[in-house]
Structures are given as structure tokens and as C-alpha cells.
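The values are calculated or read from the model by the stated rules, or taken from the named source; none is laboratory data. Note that the coordinates shown come from a computational prediction; the quantities given were computed from them, not determined experimentally. Please note: Cβ atoms are built from the backbone with ideal geometry, for glycine as well, and neighbour counts cover all protein chains shown. Quick note on the areas: whole protein, heavy atoms, side chains included, nothing else; ligands and nucleic acids left out. Shrake-Rupley method; radii C 1.70, N 1.55, O 1.52, S 1.80 Å.
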Amino acid sequence: MIISRLAVLPFTVVLVSSAKRIDRTEPAPLYPVHGTVVDSIHALPLRHARVGTARGGSRTCRLPAEHRVPVDSVGSFTLLLPAGRHRVCAEAIGFIPRAAIVVLPRDSSRVLTLSLPWKPIPLGY
């Protein structure tokens, strides 16, 4: 297969102009969202909880594995999220998941407290 120089030249121009456009784009700023996950009865921190953002317009708090982060030893978390509307969810074994809506950058200075109610787990005998 023979490729002429005239065919290669337009392709090279397209690649060079695309590379210049990529260099000019800056990453979107990320805003911190701070919070704590506690149980709803005693307001004690849940150290084994996980926090993340639900995908798209989901009304549930099913967090994909790649979008979950664990909380620290006092139930605190920090998420870095781009500007926009986010559904921040918390889940823990033995508790009902809960969520809060955050609109960034407006709510970036607010501290969330996600209070999870207990969920009885039936044991099959």
C-alpha cells in the first residue's frame, strides 16, 4: 500500500491543531465536601461507613465500588467534587443508607451530617 505525501499532510495538520486545543484546556476545579456519618439514635460516629456520590439522577444510594470512600476513625469524610449538583450518600452494614443533595460551589463551605437509622438484619436459622 502506497500513501502519498499529500494524504499525510492534512492528517498531520489535524493532529497538531488538536494537540494545541488539548493544551489550552484546564482541569475543572474540585470543591471539598466535608461531613460526618453518625447513627441516628446515639449520634455516634460510624467508623465502618462508606461515602460517595450516586450516579446520574439516581434516587437510591447504591454506590458503585469505584465511587465509595471509607470514613476515618471518627466518622468524618472529605470528597473532592466538580461544580454541579451531587447526591452524597452514606451506607453502612446494619444501617439504612441516607443521602444529602449538595450544589457546588455554593455548598462547599457547609459541613454535612449524614444520620443513618438502624436496620434490623434477620438471621436465618
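Give the residues of region 92-125 that are of a type in the set (D, E, K, R), under 19 Å from residue 41 (Cα atoms) and surrounded by 12 or more Cβ atoms within 10 Å (Cβ to Cβ), sorted by residue number.
Passing the criteria: only 98.
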Check your understanding: Which pairs do you get when a residue that is on the phi < 0 side of the Ramachandran plot, found in region 100-125, comes within reach of a residue that is aliphatic (A, V, I, L, M) and open to solvent by 100 Å² or more (accessible area, probe 1.4 Å), reach meaning Cβ atoms under 7 angstrom, with the pair 6+ apart or on two chains?
Key -> 118/41
Practice item. Of the conditions (1) modelled with pLDDT of 85 or more; (2) on the phi > 0 side of the Ramachandran plot; (3) within 14 Å of the chain's Cα centre (by Cα), residue 43 clears all except one; give me its number. Key: (3)
Check your understanding: Is it true that residue 63 is buried (at least 20 other Cβ atoms within 10 Å of the Cβ) and over 15 Å from the mean Cα position of the chain (by Cα)?
Key -> no
Check your understanding: Which of the residues belonging to region 73-91 are in contact with a strand residue (DSSP E or B) (Cβ under 6 Å, 6 or more places away or on another chain) and not in a strand (DSSP E or B)?
Key -> 74, 75, 83
